[in-house]
Each structure stands twice: as structure tokens, then as C-alpha cells.
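Q: Structure provided below as C-alpha cells; questions to follow.
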Amino acid sequence: MKLPQILVLAAALTSAPLAHADITVGVTLSATGPAASLGIPEKNTVSLMPATIGGHKVNYIVLDDASDTTNAVTNARTLVTESKVDVMIGSTTTPNSLAMIDVAAESQTPMISLAASARIVEPVDAKKRWIFKTPQNDIMMSTAIVAHMADAGVKTVGYIGFADAYGEGWYQEFSKIAELKGLKLVANERYARTDTSVTAQVLKIVAAKPDAVLVGASGTPAALPQRALKERGYAGKYYQTHGVANNDFLRVGGKDVDGTFLPSGPVLVAAQLPANHQVKKSAIDYVTKYEAAYGKGSVSTFGGHAWDAGLLMQAAATQALKKAQPGTAEFRAAMRDALESVRELAGAHGVFNMSGTDHLGLDQRARVMVKIENGTWKLQ
């Protein structure tokens, strides 16, 4: 090869753009099992997340944990050891997310949970510094329920929740706020997500004659206690958590859940929000994209949590790319730092302002009270 040809080739190689490493996002969700009504819209939402960030292709590896904690841990280990993911999203439920924390911390991989319990991110210690989440904390939603109960003249409350971290977490947070407001808890019952009968628990609640009942459960299994209470003639007020805010709950509960009150993220009633609500524009953006892909009326708050996780991931990756290349420990650490630095990011559920002591970063703009009327959600 002649010297001029060598120089031309060298110049061409020098000017050619460097190949960008792909960003790999590992996702584990409960697309089957008792929490499937939550996990399916989350899985659907992954397809709406960005295909590229800062010129880097984004690869999404989506696994199903079947609503099982052991599977969630196995999936998490697979994602960090075999797929070498830069960030994890998931899981759907509180027990699964809590079980994944050790894997994220040991591998130093940032994780964005789609589950509600504050215990997933609090306190921000050596392990949980790697953990973030998008759903509103139980305490934020408990406060809204208690305020609504007090305004409605409720004095006594019966509680029935899941016999796991979700049900227990809700009881602990709700009972603290209820006591401060002078509400008396007169019944405290539990049931498993897979139970098909809660007759014994419901008989105890009915015997206590509470003014209202709070069901601390999520997804379609949350309809079971309410149906049983209706069958036993309970005529007091019904409350659910934000864990039921999807159309599958309305479908399964039918007329038995009509009249129920619950706190929710604004996305559930995005079109009903006042024009000046800080989240209306971003919530409607998600609703529009989801319904274009999956049909009118198909959106749920759970998909919204995944959407917000995608927004956080995108914001963090954009910043992390300024410091390191994907696929490295340095990039994962930069992603973690960037997640903790997110400010004024409007999503489907609220405006995120993370900090070193708050890995949720949502304020009161992230909740509204909703009533189920004639099988639809009505902003209160």
C-alpha cells in the first residue's frame, strides 16, 4: 500500500465515530400469579420506554417472577450476573422488591422498584442507597384515607390486609395516623394473596361493627374481602389502598366495589384533573401513549409506575453517560448518583425530587382521592 493510501485510511479511521456500548436495563415483573393485574400493564409499559438514550441503544431484558419472591431473587441474580445490566426495574410487589435489595446492593446495581412500601427505600443505608422507587409511600396514602374518614364522621375502623409485608406495612402506617386523628381500630385481620375465602376474618370484622373497613391489599385479590363483607350485610364505608387502581379490580369486584374510596396517583383520573394541576400534562402524555398502543380505557396506575421508572432511568442514564460507558461499574455508580440527583421530573404520578435521604421524592401532588361510581373512577 502506498503512503498516500495509508494516510487516507488512517484519517478515515480517526474520523469514524466510536461504537457506543448499549445500555442494558433488567426488568423483573409479576406478569403472572396473584399480582398479574399489576404486572401486565407494567410489562406493557416497558415497550413504550426509550429505544435510545444519548446515542446509545437501550436493551430491555424482561423477566416474569410469577408473583413469587424466590423467582424475583433468581431473576435479579440472573440479570446482574449473566446479563450484566446497568440498572434494574422491579419488582411489582413489596415482598418481591424487598427480597431483591441484597442482590442490588451486593452487585452495586441501581434498582427502581415499582412497589409501594416505604421499607423498600427507608432508611437510606449502605444497602438501600442503591434502591429507588416510584409508587407513593404507604404513609402518604394512609394520611389521605384517614383525613377522608375523619371528614366523613368515621370513628371506628376494621382492617383486613394481606398476610405479608404489604398488608403489615399498611397496617403499621395507617394505625399510627389513625390514632393521631382519634380513630379507633376495632379489628385487625389478615389473609393470603392466594386465598379463596375470608369468611372467618369477615365475621370478626362484622361483629366489631366498625364505621368503615380498610382493605390493605392490591390487585384483584383485594376484591375478595369486600365481596365477603357485602354478602354478610356490612353497610359501612369501604376503603381500599392505591394497590387496586386498575380496571381489572373494577371488573372482578363489579357492583361489590361500587362506592369504595381510595387514594390514587393522579394518572388514574388524568382527564378529570384541574387544568392547573402540576401533573396533568405529564400524566395525560402517558395515558395517550399507552392507550394508543393498548386501547382506550386500558391504562392503569401500575403501568404509570413503570412509566415513571423509565423516565427516572432515562434522566439518570443521560447524566451518567457524561462520566462513564455502559456495562461498567463506573456507569452503574454514576447512574445511582444521578438518580439521587433528579429534580423537578414530572411523571404520571407526580413530580420527583430525589435526595440522599429520600429515594422516592414525591410530595402531596402525587395523590388524589377517588371514588368508584358505577364501575368508573371519579375524582373527589
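The values are calculated or read from the model by the stated rules, or taken from the named source; none is laboratory data. Keep in mind that this is a model prediction, so the values were computed, not measured. A quick note on method: Cβ atoms are made from the backbone with ideal geometry, for glycine too, and the neighbour counts reach across all protein chains shown. Note: areas computed on protein heavy atoms with side chains; ligands, DNA, RNA excluded. Shrake-Rupley method; radii C 1.70, N 1.55, O 1.52, S 1.80 Å.
Q: Among the residues of the stretch 67-79, is any of a type outside the set (Phe, Trp, Tyr) and closer than 25 Å to Ala348 by Cα? Break it down stepwise before answering.
A: The initial filter retains those residues of the stretch 67-79 that are of a type outside the set (Phe, Trp, Tyr), namely 67-79.
From the residues that got through so far, the ones that are closer than 25 Å to Ala348 by Cα too are 67.
Checking the stretch 67-79: at least one residue is of a type outside the set (Phe, Trp, Tyr) and closer than 25 Å to Ala348 by Cα.
Q: In the stretch 354-380, which residues are touching a His at 6+ places or on another chain (Cβ under 9 Å) and not in a strand (DSSP E or B)?
A: If the condition is that a residue be touching a His at 6+ places or on another chain (Cβ under 9 Å) and not in a strand (DSSP E or B), then Leu362, Arg365, Ala366, Arg367, Gln380 are the ones that fit.
Q: Quick one: in the stretch 161-189, of everything that is open to solvent by 60 Å² or more (accessible area, probe 1.4 Å) and among the charged types (D, E, K, R), which residue is farthest from Thr69 (Cα to Cα)?
A: Applying the filter and picking the extreme gives Lys181.
Q: Mind telling me which of the residues Tyr191, Tyr166 ends up being of a type in the set (Ser, Thr, Tyr) and under 23 Å from Met100 (Cα atoms)? Don't jump to the end; show me each part of the working.
A: Values: Tyr191 fails: under 23 Å from Met100 (Cα atoms).
After ruling out the rest, the residue left standing is Tyr166.
Q: Within the stretch 323-357, which residues are without any contact (Cβ under 8 Å) to a residue 24 or more places away in the chain and buried (at least 21 other Cβ atoms within 10 Å of the Cβ)?
A: Ala334, Ala338
Q: Looking at the stretch 17-36, which of the residues that are open to solvent by less than 10 Å² (accessible area, probe 1.4 Å) and touching a Pro at 6+ places or on another chain (Cβ under 9 Å) is farthest from Thr70 (Cα to Cα)?
A: Among residues in the stretch 17-36 that are open to solvent by less than 10 Å² (accessible area, probe 1.4 Å) and touching a Pro at 6+ places or on another chain (Cβ under 9 Å), the one farthest from Thr70 (Cα to Cα) is Ile23.
Q: Still on this structure, please answer the following. Any idea how many residues of the stretch 336-380 are β-branched (Val, Ile, Thr) and over 20 Å from Asp151 (Cβ atoms)?
A: 4
Q: Have a look at Ser47, Ser107, Ser117, Ser83 and point out the one that is crowded, with 21+ Cβ neighbours inside 10 Å and touching a residue at least 12 places away in the same chain (Cβ under 8 Å).
A: Only one candidate qualifies: Ser117.
Q: Ala270 is checked against (1) open to solvent by less than 10 Å² (accessible area, probe 1.4 Å); (2) within 24 Å of Ser117 (Cβ to Cβ) and fails just one. What number does that condition carry?
A: All conditions pass for Ala270, except number (2).
Q: May I pose another question? Could you check the stretch 31-57 and list, in sequence order, the residues that are at pLDDT 95 or above and either in contact with an Asp or Glu (Cβ under 7 Å, 6 or more places away or on another chain) or among the acidic types (Asp, Glu) (or both)?
A: Ala31, Thr32, Gly33, Glu42, His56, Lys57
Q: I would also like to ask the following. Here are the criteria: (1) open to solvent by less than 10 Å² (accessible area, probe 1.4 Å); (2) under 22 Å from the mean Cα position of the chain (by Cα). Tell me which single one Ala320 does not satisfy.
A: (2)
Q: Can you say whether Asp102 is open to solvent by 20 Å² or more (accessible area, probe 1.4 Å), farther than 25 Å from Thr318 by Cα, out of contact with any Gly (no Cβ under 8 Å at 6 or more places or on another chain) and part of a loop (DSSP other than H, G, I, E, B), as far as the supplied structure shows?
A: Criteria not met by Asp102.
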